Amino acid sequence: MPIKLIIFDLDGTLIDSSIDITNAINYAIEPYGVKPVTVQETIGLVGEGITRLMEKIIDRGQKSEDRSQTKEIDKDILVDRFLEHYSAHLVDKTTVYPGVRETLERLKDYKKAVISNKREALSTKILNDLGLLKYLDLVVGSDTTPERKPSPVPILHVLSKLNIRPEDAVIVGDSNFDIEAGKAAGIKTIAVTYGYRPLDLLKGADFIINRMDELIDILKRFDKWDLR
C-alpha cells in the first residue's frame, strides 16, 4: 500500500545539533561549578525534552566527584539559562545530515511532518534557518500536544491534522522513542543508524537504514511509481 505521509524526527535524524546543545548546557551550568559536558555526553542525554534534559544534568552534578565544589542547582533557572543561550545560537554549529536535503527534495509528492521532543518554536526556527521548513507540511514540538514521544499522541495529532490513516504513514527516527511512538500509533517505523542512539535500541523498527537516501528504496516497496 502506498505511503502518503512521512514523519521525521529532528535531532539525530534530519540534523546534528549536538554541539549547539552542548554549548547551551555548559552555559547553563557554568555558575554552579558543575563539570562541563562533552558532546558525546550530550548525545546520551538528549531526546526527552529540555526539562528532562536539565533534570539529568542536575542528577549528573549531584553524582559528580567534585560535588563539594558545586552549588545547589535550581532547575527552573537552569532551563531559563539554557533557553537564553540556545535560542540565540540555534544553528551556529548545527548541520543537516548528508543526503537529507536531497531526499526531502525527491519526496515532494508525499506529505511530510516533523515531530520533535524539542519545543515547537525552536524546532520551526531551526528548520527554517537550515532551509528545511519549506519541505514540510507540519511541525510538532514537545509543547504542541499534551504528551510527547514515546507517546503516540503527537503522531495521532499529525495524522488527524493531515487527514492520513495510520496504515498510510511511516515515522523515521534515530531513537527507540520514535519506534515506540510509531508502533503505538499503528504506523510503520524506520530507524536511522547514524544518529544519537545505539543500534541495539533500534532493532524493533520495521526497517533500518544507514543513510537518509536509503529511505527512497524503502518507500518504493510500498509505492508503485518511481521517484527518479
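The values are calculated or read from the model by the stated rules, or taken from the named source; none is laboratory data. It should be emphasised that the depicted structure is a prediction, and the values quoted were computed from it without experimental measurement. Note that each Cβ is placed from the backbone with ideal geometry, even for glycine, and that neighbours are counted across all protein chains shown. Ligands, DNA and RNA are excluded from the accessible area calculation, which covers all protein heavy atoms including side chains. Shrake-Rupley method; radii C 1.70, N 1.55, O 1.52, S 1.80 Å.
Give the distance, in whole Å, between the Cα centre of segment 195-224 and the Cα centre of segment 78-97. Answer, in whole Å: 28. Between Asn210 and Lys108, residue separation times 0.36 nm minus the direct Cα-Cα distance comes to 34.5 nm.
Could you size up the charge dipole of the chain around its Cα centre, putting +1 on the beta carbon of Lys and Arg and -1 on that of Asp and Glu, and report it in debye to the nearest 20?
About 560 debye.
Projecting the Cα atoms of Pro31, Ile6, Ala88 onto the charge dipole of the chain (Cβ charges, centred on the Cα centre) puts Ile6 farthest toward the positive pole.
If you take every residue apart from Ser142 with its C-beta less than 11 Å away from the C-beta of Ser142, what net charge results, scoring Lys and Arg +1 and Asp and Glu -1?
On the way: positive: Arg52, Lys118, Arg119, Arg148, Lys149; negative: Glu48, Glu120, Asp143, Glu147.
The answer is +1.
Between the helical axis of 50-63 and the dominant principal axis of the chain, each derived from Cα atoms, what acute angle in degrees is found, rounded to the nearest 10? Helix 50-63 and the main axis of the chain meet at about 40 degrees. The structure-derived value of Cα extents along the principal axes in Å appears in the list [x] 51, 46, 29; [y] 76, 50, 39; [z] 63, 31, 30 under the label [z]. Using a cut-off of 13 Å between beta-carbons, work out the net charge of the residues near Leu104 (Lys and Arg +1, Asp and Glu -1, Leu104 not included). Charge balance in the 13 Å sphere: +1.
Roughly what % antiparallel, to the nearest 5, for the DSSP beta bridges in the chain? Write out the running numbers ahead of the final one.
On the way: 2 of 21 bridges.
For the chain, the DSSP antiparallel bridge percentage is about 10.
With a cut-off of 14 Å on the backbone N, the residues of segment 130-154 near the modelled label site 7 Å out from Thr51 along Cα-Cβ are 142-149. Highest-first packing order for the peptide set 39-49, 108-118 is 108-118, 39-49, based on the mean count of other beta carbon atoms within 10 Å.
Entry comment: accessible area of segment 136-228 is 47 Å² per residue, from protein heavy atoms only and a probe of 1.4 Å.
Gain on full extension, evaluated as 0.36 nm per residue between Thr193 and Val79 minus their Cα-Cα distance, stands at 38.1 nm.
Can you pull the percent of the chain's accessible area that's carbon plus sulfur, 1.4 Å probe, other chains left in place?
Answer for the chain: carbon and sulfur cover 49 percent of the accessible area.
Counting only alpha carbon atoms, the long axis of helix 176-185 and the longest principal axis of the chain meet at about 50°. Charges were assigned to the Cβ only: +1 to each Lys and Arg, -1 to each Asp and Glu. The resulting dipole of segment 160-219 about its Cα centre is roughly 180 debye.
Under a point-charge model restricted to the Cβ atoms of Lys and Arg (+1) and Asp and Glu (-1), what is the dipole moment magnitude of segment 106-147 relative to its Cα centre, in debye to the nearest 20?
It works out to roughly 240 debye.
Please tell me which of these pairs span more than 28 angstrom C-alpha to C-alpha: Lys35/Lys183; Lys161/Lys188; Lys56/Lys161? Violating the 28 Å Cα-Cα cut-off are Lys35/Lys183; Lys56/Lys161.
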